[in-house]
Each structure stands twice: as C-alpha cells, then as structure tokens.
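This report refers to the structure that appears directly beneath it.
The values are calculated or read from the model by the stated rules, or taken from the named source; none is laboratory data. Remember, predicted model here, so these are calculated numbers, not experimental data. Virtual Cβ from ideal backbone geometry, glycine too; neighbours counted across all protein chains shown. Only protein heavy atoms, including side chains, enter the accessible area calculation; ligands, DNA and RNA are left aside. Shrake-Rupley method; radii C 1.70, N 1.55, O 1.52, S 1.80 Å.
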Amino acid sequence: MIDNNILGPVFIHLFTGILQLIAWRKTVTQRFISGIGSFLGVLIAIRLFTKVNSDGILTLNAANWDAPFGIVFVADLLSSTLVLITSIAAFAVSLFSSTGISRQRMLYGYFPIFHFLVMGLNGAFLTGDIFNLYVWFEVIIISSFVLMTLGGRKTQLEGAVKYMALNILASTFFLTGVGILYGITGSLNMADLSEKIKMVNNQFLVGITSAFFLLGFGIKSAVFPLYYWLPSSYHTPPSAVAATFGGLLTKVGIYAMLRVFSLIFIPDDFTKQLLMVLAVLTIFTGSMGALIKLNIRRLFSYLIVCHIGFMIGGIGMFTKVALIGTLFYLFHDILVKTNMFLIAGLIRQMRGTMDLKSLGGLYAQYPKISLLIVLVLFSLVGIPPLSGFWPKVFLIKDAYAHGEYAYIFALILGSFVTLFVIARMWSEAFWKNVPEGNELEDKFEPMPLARKILLVLPIGILALVTIYIGLNANFVITLADNIADQLIDTKPYIEAVLKQKQN
C-alpha cells in the first residue's frame with residue numbers, strides 16, 4: 001500500500017535541523033526546537049508503527065517512479081519498529097543534551113548535526129533501495145564524524161581518525177558490493193534483487209559479492225576482528241554523543257545484515273558457520289576487554305562489542321526462534337546501551353570523573369537516582385524478568401537444538417562477564433565510600449532543579465521503556481515473531497514493493 005506518511009520520520013528531523021541552522025547563535029532556541037522536534041518524531045514514529053501493524057507493509061515511490069526503476073521507501077514491521085525505538089532514544093538524548101552539552105559545542109552546530117544523524121538513521125531503516133542504503137550510511141558517517149570531533153580535544157581527534165578510517169573501509173566494501181550487484185543483476189531495488197539474484201548463473205560471484213556486504217556491515221557492527229575502532233573512539237566524545245553512538249550506530253549494521261541477508265543473500269551453510277565463529281570470537285574479545293577496563297565508558301564500549309556477538313549468532317543460525325531472540329535483543333540493546341552512556345554522563349557530572357578507582361559514595365549521596373540506575377543495570381545484565389533475560393532464552397534454546405555449543409558457552413560467558421563488571425561498577429562507584437584524598441568536583445549538586453531534571457528525566461524515560469518491554473515480553477515476542485516471519489518469508493515484502501496499490 002502506498003502511503004506518503006513513510007517519510008515523516010525523515011522529514012521531521014530534516015526540518016528540525018534546518019530550523020536550528022537558522023537559529024545558529026541562539027542556543028536556548030535550539031534546545032527548545034530540538035526537544036519539540038524529537039517529541040514530534042516520537043509521535044510520528046508511533047503513528048507509522050501503528051499503521052504498519054494494522055494495515056501491513058507500506059511503500060512510497062519517490063517522484064512517482066514505479067519500482068524497481070525509481071527510489072522506493074518501505075515501512076514493514078522491522079523498519080517501523082526500529083524507527084520508533086530510535087525516535088524514543090533520540091528524544092531522550094535530545095533532553096539530556098540540553099544540559100549535558102556545553103554551550104561552546106552547541107555554537108559549533110551540535111543540535112543540527114544530531115538531528116541530521118537521526119534523519120540518516122531513519123532513512124536507512126526505511127529505504128528499499130540498496131544504493132540509497134549506502135547513501136544513508138554516508139549521511140550517518142559524516143554526521144557522526146562531526147559530532148565526534150566537536151570540541152577539538154586531542155583524544156577526540158585521535159578517536160575520530162580511527163573511527164573514520166575503519167568506517168571508510170567499511171563503506172568501500174559496501175559500495176564495491178553494490179557495484180558488483182548492479183553489474184550482475186541490473187537492479188538496485190532490494191525487492192527486485194531478491195528475485196533477480198536467483199537467476200544469476202555465476203553463483204560463485206554472488207557469494208563473493210555477499211562477502212563484500214558481510215565485511216562492510218561487519219565493520220560497522222564492530223564484529224571481530226575489526227572492532228578495535230569502537231572502544232578506541234566511543235569514550236572520547238561527550239556522553240550525549242556517545243549515547244547516540246553506543247545505542248544506535250552499530251545497530252544499523254545489524255539491521256542491514258538482517259535486511260540484506262534475508263532478502264538478497266540467503267545464508268548458506270558456510271555463511272552460517274562463519275557468522276557463528278565470528279559471533280563466538282566477538283563475544284569472547286568483548287568480554288575480555290570489559291574485564292580489564294576501569295573507565296566506565298571504555299567498559300561500556302567493550303560490552304557493546306560483546307553483545308553485538310549475541311545478535312550475530314542469532315543471524316548465523318537464521319531460524320525463526322533465533323531471529324526472535326536476535327530481534328528482541330536488538331530492541332533491548334538500543335534502549336539500554338543509550339541509557340548506559342547517559343548514566344555515564346550523569347556520573348561524570350556528579351563526580352567529575354568516570355574512573356572507577358576514583359569514584360564512590362554515589363548511593364549514599366544520591367539514593368533515589370542510584371535506585372533508578374540499578375534498574376537499568378539489572379536490565380543490561382538480564383536479571384529476570386527484565387528485558388535482557390528473554391532474548392537469551394530464545395538464543396540458547398535454539399543454539400542447543402542445533403548443537404551450537406560453542407555459542408552457548410560464549411553466551412553464558414558474556415552474560416557472566418557482564419554481571420561481574422556491572423557488579424564491580426556498582427561496588428566501586430555507588431557502594432564504597434569516596435577514596436580518601438580524592439577531591440571530586442560535584443557539578444550536579446549545585447545545579448538548578450530544572451537542569452537536574454533534564455539530566456535525570458531521559459534516563460528515567462528509557463528505563464521505563466526498557467522495564468515495559470521486559471514486563472510485557474509477550475507483546476515484544478509476538479512482534480518479533482511477526483517480524484521473523486517477514487524475514488523468512490519475503491513474498492509479502494516483494495509484492496508490496498513491486499505490485500503496489502494506491503491507498
């Protein structure tokens with residue numbers, strides 16, 4: 001069904017960014033515009049999700065060119081759900097940024113670039129064209145590079161160089177794969193490619209092409225062995241920026257894998273086994289990195305790598321049960337990782353540092369905020385019945401059914417390491433007393449109440465959503481089940497794109 005509302009999540013952030021460019025020197029105005037624009041983005045995303053959930057897959061042909069010749073936008077359950085979760089995370093980061101980002105960075109264009117980044121994320125989720133997926137990836141990379149370098153500190157620039165170098169390499173692999181794919185099929189529309197790729201005589205060349213996509217998306221997702229850019233760069237920008245990166249950027253790579261390897265390159269046995277090996281190694285290396293880090297944001301960065309491995313394993317098994325677990329974990333991970341980096345920023349405001357050995361006494365001084373934070377920590381660890389628990393049940397169940405014992409061991413290892421490092425973080429930062437001789441600068445206590453609320457409220461919003469999807473797991477499981485059906489049986493997607501009817 002053709003519906004013009006598909007582009008609402010893209011346009012709202014485009015127009016929000018443009019309005020902020022007009023108010024370039026007026027940072028207070030930019031904060032209000034950002035908050036209002038992000039909130040409207042959530043409402044538009046809810047409307048899109050509701051419509052897709054009730055009416056089925058929606059499409060839109062740019063400039064009225066029929067698919068597969070023109071650019072098409074597609075909203076199915078997977079893309080509309082990710083747009084909704086992204087909009088919620090972006091709204092929380094926008095509120096946090098109004099206080100958590102310095103005025104100097106705002107004057108360098110933080111808010112417009114932030115909204116252009118969210119625009120790129122929504123565009124990537126909604127495009128039905130493989131080349132335009134690459135274009136939206138480039139919008140994301142350019143915006144994120146600017147955000148990472150705002151402020152110009154040496155550590156930021158060093159992290160940005162590593163981030164940009166590996167992502168340019170990923171884009172090169174991605175674009176090369178797109179070029180070969182167009183050369184052997186003559187199409188860029190993903191629904192059309194799904195049918196034409198089966199008619200290519202040289203299936204070995206198809207396999208080589210899929211390897212380029214796997215490399216490109218693997219780097220963007222921080223999969224072993226090309227994950228080093230993530231923990232080397234995510235600890236350098238402000239916490240609001242790191243929250244956007246940690247919660248959303250690597251998940252675009254996971255989304256792209258789900259989309260391309262369900263629609264175009266159906267995984268064969270070799271690809272599945274390769275993904276399982278990469279999943280185990282990614283979990284292991286992420287876990288070992290988290291164990292030795294004493295800086296909170298560096299620790300969280302390695303946990304991102306570790307938990308990406310959980311999802312890669314689910315994609316590797318590529319069964320309905322495994323996909324349900326992967327999708328549930330994807331939704332959970334976006335929310336909880338965004339929140340963890342916001343929590344790291346709040347701790348920095350309270351203590352002026354994120355080094356665990358220098359922290360302490362947070363529970364004694366801020367008991368209510370600490371109890372809010374511990375709920376997020378429990379969700380991250382996967383304490384039943386919170387959101388991190390349920391997807392692991394599906395992943396372990398399916399891995400056991402298919403004899404993937406190494407992956408089961410890796411899942412258990414990653415879960416126990418997450419529990420250990422989070423328990424250590426709680427003990428060091430919240431439970432113990434402040435180390436003697438440490439004169440910590442508390443910027444949070446003397447803040448006006450309104451600014452305190454703007455720092456804590458986003459954490460509370462994301463915590464509530466995370467708790468909701470954990471306590472209402474049946475709804476999320478049903479949703480993930482329906483999405484998994486669409487990923488395994490792509491006929492409804494193909495028919496919606498290639499055989500459209502005017503709404």
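Some points to look at:
- Condition check for residue 211: open to solvent by 30 Å² or more (accessible area, probe 1.4 Å), at pLDDT below 95, in a helix (DSSP H, G or I) and not polar (S, T, N, Q): yes
- When each of 299, 294, 323, 303 is tested for being more than 20 Å from the chain's Cα centre (by Cα) and touching a residue at least 24 places away in the same chain (Cβ under 8 Å), the lone residue that passes is 294.
- Neighbours by Cβ (under 8 Å, 6+ apart or cross-chain): first from region 420-439, more than 26 Å from residue 379 (Cα to Cα); second basic (Lys, Arg) and at pLDDT below 90: 435/357
- Here residue 308 fulfils each of the conditions (1) under 19 Å from the mean Cα position of the chain (by Cα); (2) farther than 15 Å from residue 336 by Cβ; (3) not hydroxyl-bearing (Ser, Thr, Tyr) apart from (2).
The rows are residues; the columns are (1) in contact with a Gly (Cβ under 7 Å, 6 or more places away or on another chain); (2) crowded, with 24+ Cβ neighbours inside 10 Å.
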| residue | (1), (2) |
| --- | --- |
| 32 | no, no |
| 61 | yes, no |
| 71 | no, no |
| 83 | no, yes |
| 92 | no, yes |
| 97 | no, yes |
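- When 375, 342, 362 are screened for being open to solvent by 20 Å² or more (accessible area, probe 1.4 Å), over 19 Å from residue 306 (Cα atoms) and in contact (Cβ under 8 Å) with a residue 60 or more places away in the chain, only 375 passes.
- Test set (1) at pLDDT below 95; (2) among the aromatic types (Phe, Trp, Tyr); (3) open to solvent by less than 20 Å² (accessible area, probe 1.4 Å); (4) part of a helix (DSSP H, G or I) - residue 270 fails condition number: (3)
- Residue match in region 227-238 (condition: open to solvent by 10 Å² or more (accessible area, probe 1.4 Å), of a type in the set (Gly, Ala, Ser), in a helix (DSSP H, G or I) and touching a residue at least 24 places away in the same chain (Cβ under 8 Å)): yes
- Assessment of region 166-187 against the conditions (outside any helix (DSSP H, G or I) and under 30 Å from residue 493 (Cβ atoms)) yields at least one matching residue.
- When residues of region 377-411 are limited to those that are touching a Lys or Arg at 6+ places or on another chain (Cβ under 9 Å) and part of a helix (DSSP H, G or I), the one farthest from residue 289 (Cα to Cα): 398
- Flag for residue 151 being touching a helix residue (DSSP H, G or I) at 6+ places or on another chain (Cβ under 7 Å), outside any helix (DSSP H, G or I) and more than 30 Å from residue 467 (Cβ to Cβ): yes
- Search result, residues across region 165-196 that are aliphatic (A, V, I, L, M), surrounded by fewer than 19 Cβ atoms within 10 Å (Cβ to Cβ) and within 21 Å of the chain's Cα centre (by Cα): 165, 168, 169
- Scanning region 324-355 for residues that are in a helix (DSSP H, G or I) and of a type in the set (Gly, Ala, Ser), we see that the one that is modelled with the highest pLDDT is 325.
- Pick from region 349-359, criterion surrounded by 18 or more Cβ atoms within 10 Å (Cβ to Cβ) and within 26 Å of residue 308 (Cα to Cα), ranking: farthest from the chain's Cα centre (by Cα): 356
- When residue 403 is tested against (1) free of Cβ contacts under 8 Å to residues at least 12 places away in the same chain; (2) under 19 Å from residue 325 (Cβ atoms); (3) under 22 Å from the mean Cα position of the chain (by Cα), exactly one condition is not met: (3).
- Look at (1) in contact with a strand residue (DSSP E or B) (Cβ under 8 Å, 6 or more places away or on another chain); (2) open to solvent by 30 Å² or more (accessible area, probe 1.4 Å); (3) among the polar types (S, T, N, Q) and you find that residue 54 fails only one, number (1).
- Against the numbered list (1) part of a helix (DSSP H, G or I); (2) at pLDDT below 95; (3) open to solvent by 30 Å² or more (accessible area, probe 1.4 Å), residue 321 comes up short only at (2).
- Consider region 14-65 and keep the residues that are in contact (Cβ under 8 Å) with a residue 24 or more places away in the chain and not in a helix (DSSP H, G or I). The one that is nearest to residue 103 (Cα to Cα) is 25.
- Region 428-478: number of residues that are more than 28 Å from the chain's Cα centre (by Cα) and surrounded by fewer than 19 Cβ atoms within 10 Å (Cβ to Cβ): 19
- Index of the failed condition, residue 16 passing every other in (1) surrounded by fewer than 18 Cβ atoms within 10 Å (Cβ to Cβ); (2) farther than 25 Å from residue 464 by Cα: (1)
To keep it simple, each residue is scored yes or no on (1) more than 29 Å from residue 240 (Cβ to Cβ); (2) not charged (D, E, K, R).
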position	(1), (2)
321	yes, yes
325	yes, yes
349	no, yes
375	no, yes
391	no, yes
398	yes, no
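- Residue check for residue 122: in contact with a strand residue (DSSP E or B) (Cβ under 9 Å, 6 or more places away or on another chain) and of a type in the set (S, T, N, Q): no
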